[in-house]
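The values are calculated or read from the model by the stated rules, or taken from the named source; none is laboratory data. Given the structure is predicted, the values throughout are model-derived calculations rather than measurements. We place every Cβ from the backbone using ideal geometry, glycine too, and count neighbours over all the protein chains shown. When the accessible area is computed, the model is the full protein with side chains, heavy atoms only, and any ligands, DNA or RNA have been set aside. Shrake-Rupley method; radii C 1.70, N 1.55, O 1.52, S 1.80 Å.
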Amino acid sequence: MLVAACSKPPPPRLEHHAAAPTDETFVLDAPLFSSDATEAVVWTLERHGGAASLALGDEAIAHGTFDEHENAIHVEVASSAGPTTLDCRRSFARVHAAGAEPQARGEHAVCTTPRAWQPADLASVAVLACTVHREALVTQVTMAAPPGLQAIVDDCCDDEDRCERRWEIRIRR
């Protein structure tokens, strides 16, 4: 006995590839990291297709290019203050919640141990991790989509007067 069955071929596979983002904003509320000052400024990097603009606090906005190839992003902007270059990659960072507050270290501080936060929960956030080149300054910054991130200074001195400055990150309010 021979049995033959006929059926329709399966439908073609449809693949969905999301279009690359063309308009994005990344924000970081942090010092310029160019000195020992801890006064914060708001870093705002905006992308409109292949165009970029960078604002540092009240400084005039610098304009330039935003080039992304695979996971490498290169941003070059120029203003009257001079050129700024950012070499970035997309990543994820675990950061403190927007309302979280660092707790006092108490006696016998151990600076190599991060301080406790209340609440202690961490959130995973999509970020743009960048190396910034501005004049003689080379520094690392991590930015995220609005509301962005906020860097909190942790100046820690132990019982032997060894001091260390660290930066901790929370979601900006």
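For this structure, a couple of remarks:
- Those strands (runs of 3 or more DSSP E) of the stretch 111-173 in which at least 2 residues are of a type in the set (D, E, K, R) and under 26 Å from R89 (Cβ atoms), considering only elements entirely within it, cover 163-171.
- The residue list A72, A151, A98, A93 contains one member that is touching an Asp or Glu at 6+ places or on another chain (Cβ under 8 Å), among the hydrophobic types (A, V, I, L, M, F, W, C), on the phi < 0 side of the Ramachandran plot and open to solvent by 20 Å² or more (accessible area, probe 1.4 Å), which is A72.
- Condition met for A52 (open to solvent by less than 70 Å² (accessible area, probe 1.4 Å) and out of contact with any helix residue (DSSP H, G or I) (no Cβ under 9 Å at 6 or more places or on another chain)): yes
- Check on A145, modelled with pLDDT of 95 or more, in contact with a Cys (Cβ under 9 Å, 6 or more places away or on another chain) and within 15 Å of W43 (Cα to Cα): no
- Listed conditions (1) modelled with pLDDT under 95; (2) of a type in the set (G, A, S); (3) open to solvent by 70 Å² or more (accessible area, probe 1.4 Å); (4) under 21 Å from the mean Cα position of the chain (by Cα) are all met by S124, apart from (1).
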